[in-house]
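Since the structure comes first, as structure tokens, the remarks are kept for the end.
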Amino acid sequence: MLFNFISEAQTIQLAVILPLIGGVAVMWLGERNRNLREIASLLTAGLEFVLVASLTPEVLAGAQPSVDMFEMLPGLAMTLTVEPLGQLFALIASGLWIVNTVYSIGYMRKNNETNQTRFYVCFTIAISAAVGIAYAGNVLTLFVFYEVLTISTYPLVTHAGTPAAVQGGRVYMGVLMSTSIGFLFLAMLWTYNLTGTLDFTDGGILAGKVEGPELAVLMFLYMFGIGKAALMPTHRWLPAAMVAPTPVSALLHAVAVVKAGVFSVVKVIVYIFGIDLLTVADGDNWLLYVAGFTIISASIIALRQDNLKRRLAYSTVSQLSYVILATAILAPISIAGAVLHIAAHAFGKITLFFAAGSIYTAAHKTEVSQLDGIGKRMPFTMAAFGIGALSMIGLPPTVGFISKWYILSGALDAGNGFAILVIIASTLLNAGYFLPIVYAAFFKDQKARDPSDPNHKYDRHGEAPVAMVVALSFTALGTLVLFFYPDVPLALGRALVGG
Amino acid sequence: MSGAEMSDPWLILLVVVPLLAAPLCVLVRSPAGAWAMATAVAWGVFAIAVKLLIGVLDQGEAVYRIGGWDAPWGIEYRLDLLGAFVVLIVAAIGAVVMPYAKRSIEREIRRDRIYLFYAMMMLNLSGLLGITVTGDAFNLFVFLEISSLSSYVLISLGQDRRALTAAFRYLIMGTIGATFYIIGVGLMYQMTGTLNFTGLRTIMPAVIDTRTVAAALAFLSVGISLKLALFPLHFWLPNAYTFAPSAVSAFLAATATKVSAYVLLRILFTVFGEVDLFAAFPLQPILITMAIAAMFLASLSAIWQQNVKRMLAYSSIAQVGYIVLGFALASEAGLTGAIIHMFNHALMKGTAFMAIGAVIHATGAVTLKDLEGIGKRMPYTMGAFVVAGLGLIGVPLTPGFISKWQLVSAALELDMWPLAALILLSSLLAVMYVWRVFEVAYLREPKITTRVEAPLSMLLPTWILALAVLYFGTNATFTLNVAQTAAQRLMGGL
């Protein structure tokens, strides 16, 4: 506990509510007091991280503090429980929110975006929902915040208001809503019907309640119901979400939203099904193959994307399935690796998106083929991009190496040849779609744009605004630091599997 | 029916006060005076409704014998938990719509007719409440006619000339429905010699095998289904709700179909409560088929509407499908789902119609094309609409989620998997028709950018209801418990 004057239970609840309070402040200050508004955003983000971080020592010591917010349905409360996995997710989301706010301020101002107040307000709701998901003590709470996250991010995705944004928004809502209402909701009620509880419990709640094909069907409903995990073919919303301003793609569609997806997957497998049940019952064999298929085919699609943000999006689809694959192996060490990979990918991918955003802001370039020689004009941005790319591929000295190492050793332990093959193949593919960008940026010469191109006047650009460069350097540094000090995420991952 | 039961005078006051207020509105004549009286009565009725609900929760039932005559000879008013819950719905909606109506009606109805509007609203309120509290089948018919006739007049007061044909069509259909109902009551009276619901219930097992009772059941069900707008007997509803004055659409959409659903429940589970109705007649497949057809076809129609009021009207038909589906499951969980959805839908649809009424008041716009960018011009009004719209979809933290939870649980409990899937599938259609409005309202640029909020007297009631939507979606423990107890008592006998 950090403060003496608020109890632990209050700290947990406040962690969910605080961003909303910040949101009200942001709305109240509005466009007329934009500097104060930005300060309010930053202050909220900072305070939020302090709140979340203050819970870490206890969780590492093995405690799982829990609090009921209110009883929504008779006998079913909205419960917040802090356990290792959720704590890690909350730390990542709230920590990167600070960095992202700094970056957003630079991005939104430089690009003269409209409706900035709405943008920041929706962001606070989304973060509140993400922390709510992280601390969800039962499936109902998870589902509620999951849907809040979907709805609060819709105005962010469609921020531009262009026909393309509207179209992207439709795919976004369509896929996420239909999977969650159609599958996840049904899975939740089925579970409740079978067990009479929805609490996330160590060892799972389904053992002895469901078996055989029914288990596989329930698993199917959960895995495809959690559309945010972007398991193929429910991944279509993620590339569609790329019409959003880049800070949104960076924090939400590389960190908060997608991590909420894989986080939910891990949580459902560990705390609802239970690893022991799945080890015996084989209900999730297919999951391994679907995740493997997603990893490889998303990588192949990424290879063919010229739009930088779309390439990054498909890379995310592929990386998310790493987490699912690692969990589906069911070896404790690979699950710890999955947890670490959530953190590793968060830092790496947000760096890559930050870089894409600053390229757009400084040079008005969006396509991979335009990036020749850009490293000379934007050395910080592209160096950070390179570090992020290394982490995606899984090379030292980046944290991506460690998480991949754990996943791979889990696969080796379990003797899972398919998983090993997938990991190796995808590493090569990752290298195939990231390294050429880095190479071209530093070793090729810039091609001037045609004078008829309205953007050619940006050809003599320099670095992006300082707020953006600071943010992306920070996350790139984080990727390196976590390689040397992965202790906290690893400890939380180990605590999850009881090792 | 011993005379020892305490007579509760509040039961009769609930009906008589608005009934007497109607002629008084005519006498007062001045629009402001009529409005003040109607609002005061609506709030008084709401207070009585709350008092009655608390009493019924506490003591079981409330009874009032008119003229002190005992049941088979006199008319008995009897309020159980289900009735008290429906009374609360009607009274609450009346209490928020009445203050809202003032400014809304001033723009929509000629000044010299405004007092008539309030008189008719009072009659309608009295009729709907009367239907709910009476324990007598013929007395119910009388109140059914009071509420129906007054609603024909209310609808015909709409600005658009098509309101007249809409009201006329409703008149024809409503009269057929009422006639069917009274034929059914007549047949039952012939077989049992009583009109009292409790009496009917007791005698029913002895006569259930007769063809007359079968015919009576058919006439009653069809007659009420017409008033309920159960697919395929819904054709009067879309135009009626579209062209009626905004306050009328809001009031009727939130209450009229709920009260009809209540009557259907009374017939199926009180009058026929002692016999195994669902075994004796193929009621379940018929009701489920019609409910599902309503859920899908009406939702699909809603998706194609350009007029937002009409879209909401089709959505109402679809929502009636959910309510009837709950009946059709004939289980405690299913009935609970139906009853809670009656309450939840009243809140959500009331909010939606009131919000769109505020838009009409401020801008005159009602088609999607006119609503472009309205979210920026009327942020507060559209905020309430968003709350209601999310509720219709069934997003968590709105009552729609609670209803869906309960209905899907009920289907799963009976191992009716396809039904559970269909409920969820149809709620995806709601996403489509609601989201069309959101897109137009928020993602298009308005042609005129000035802010035009509705007057506070309209905004405030709308938001009171919207906050109720949020509250009862977040904390459904109370409403679900009431619905569940009501369902238990209905399944287990009066």
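The values are calculated or read from the model by the stated rules, or taken from the named source; none is laboratory data. In this text the structure is predicted, and so the values were computed from the model without any measurement. Backbone-built Cβ (ideal geometry, glycine too); neighbour counts: all protein chains shown.
Data overview
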item: Which listed residue, of A:PHE89, A:PHE49, is touching a Gly at 6+ places or on another chain (Cβ under 7 Å) and either part of a strand (DSSP E or B) or under 30 Å from B:LEU470 (Cβ atoms) (or both); result: A:PHE49
item: Output for the range A:30-44, where each listed residue is assigned to a helix (DSSP H, G or I) and more than 21 Å from A:SER94 (Cβ to Cβ); result: A:GLU31, A:ARG32, A:ASN33, A:ARG34, A:ASN35, A:LEU36
item: Any hit, the range A:153-170, residues being facing chain B (nearest Cβ under 10 Å), at positive phi and over 21 Å from the mean Cα position of the chain (by Cα); result: yes
item: Filter result for the condition that a residue is modelled with pLDDT under 90, within 7 Å of another protein chain (Cβ to nearest Cβ) and surrounded by 18 or more Cβ atoms within 10 Å (Cβ to Cβ), over B:LEU424, B:LEU443; result: B:LEU443
item: Answer residue from the range B:410-421, given it is facing chain A (nearest Cβ under 10 Å) and without any contact (Cβ under 8 Å) to a residue 60 or more places away in the chain and is farthest from B:THR450 (Cα to Cα) among those; result: B:ASP415
item: Tally, over the range A:195-208, of residues that are over 27 Å from the mean Cα position of the chain (by Cα), surrounded by 16 or more Cβ atoms within 10 Å (Cβ to Cβ) and either within 14 Å of chain B (Cβ to nearest Cβ) or assigned to a helix (DSSP H, G or I) (or both); result: 1
item: Within the range B:359-384, tally of residues that are farther than 18 Å from B:SER104 by Cβ and among the hydroxyl-bearing types (Ser, Thr, Tyr); result: 1
item: Single condition A:GLY348 does not satisfy, out of (1) surrounded by 24 or more Cβ atoms within 10 Å (Cβ to Cβ); (2) over 19 Å from A:ILE407 (Cα atoms); (3) of a type outside the set (A, V, I, L, M); result: (2)
item: Every pair of residues 6+ apart whose Cβ atoms lie under 7 Å, when the first sits in the range B:468-494 and is within 12 Å of chain A (Cβ to nearest Cβ) while the second is small (Gly, Ala, Ser); result: B:GLY473/B:GLY391
item: Condition met for A:VAL175 (crowded, with 23+ Cβ neighbours inside 10 Å, more than 10 Å from chain B (Cβ to nearest Cβ) and of a type in the set (A, V, I, L, M, F, W, C)); result: no
item: Restricting the range B:379-409 to residues that are facing chain A (nearest Cβ under 10 Å) and among the small types (Gly, Ala, Ser), the residue that is farthest from B:ARG451 (Cα to Cα); result: B:SER409
item: So B:ARG436, is it surrounded by fewer than 22 Cβ atoms within 10 Å (Cβ to Cβ), at pLDDT 90 or above, out of contact with any strand residue (DSSP E or B) (no Cβ under 8 Å at 6 or more places or on another chain) and within 14 Å of chain A (Cβ to nearest Cβ); result: yes
item: Residues of the range B:32-57 classified as closer than 14 Å to B:LEU116 by Cα and either surrounded by fewer than 19 Cβ atoms within 10 Å (Cβ to Cβ) or modelled with pLDDT under 90 (or both), total; result: 3
item: Of all residues making up the range B:204-237, the number that are in a helix (DSSP H, G or I), touching a residue at least 12 places away in the same chain (Cβ under 8 Å) and more than 24 Å from B:ALA91 (Cα to Cα); result: 15
item: Subset of the range B:370-415 (residues that are within 19 Å of the chain's Cα centre (by Cα), outside any helix (DSSP H, G or I) and not hydroxyl-bearing (Ser, Thr, Tyr)); result: B:GLY394
item: In the range A:321-357, the residues that are under 24 Å from A:TYR439 (Cβ atoms), among the small types (Gly, Ala, Ser) and in contact with a Lys or Arg (Cβ under 9 Å, 6 or more places away or on another chain); result: A:ALA344, A:ALA356, A:GLY357
item: Test: residue in the range A:123-131 that is part of a helix (DSSP H, G or I), surrounded by fewer than 24 Cβ atoms within 10 Å (Cβ to Cβ), within 11 Å of another protein chain (Cβ to nearest Cβ) and out of contact with any Cys (no Cβ under 7 Å at 6 or more places or on another chain); result: no
item: Hey, B:ALA430 out of contact with any strand residue (DSSP E or B) (no Cβ under 9 Å at 6 or more places or on another chain), facing chain A (nearest Cβ under 10 Å), in a helix (DSSP H, G or I) and more than 23 Å from A:VAL171 (Cα to Cα) or not; result: no
item: Condition broken by B:VAL222, with the remaining ones in (1) at pLDDT 90 or above; (2) buried (at least 22 other Cβ atoms within 10 Å of the Cβ) satisfied; result: (2)
item: Residues located in the range A:67-110, provided they are away from every other protein chain (no Cβ under 14 Å) and more than 24 Å from the chain's Cα centre (by Cα); result: A:VAL67, A:ARG109, A:LYS110
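Conditions tested, residue by residue: (1) under 26 Å from A:PHE353 (Cα atoms); (2) within 11 Å of another protein chain (Cβ to nearest Cβ).
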| residue | (1), (2) |
| --- | --- |
| A:ASN193 | no, yes |
| A:PRO213 | no, no |
| A:ALA216 | no, no |
| A:MET232 | yes, no |
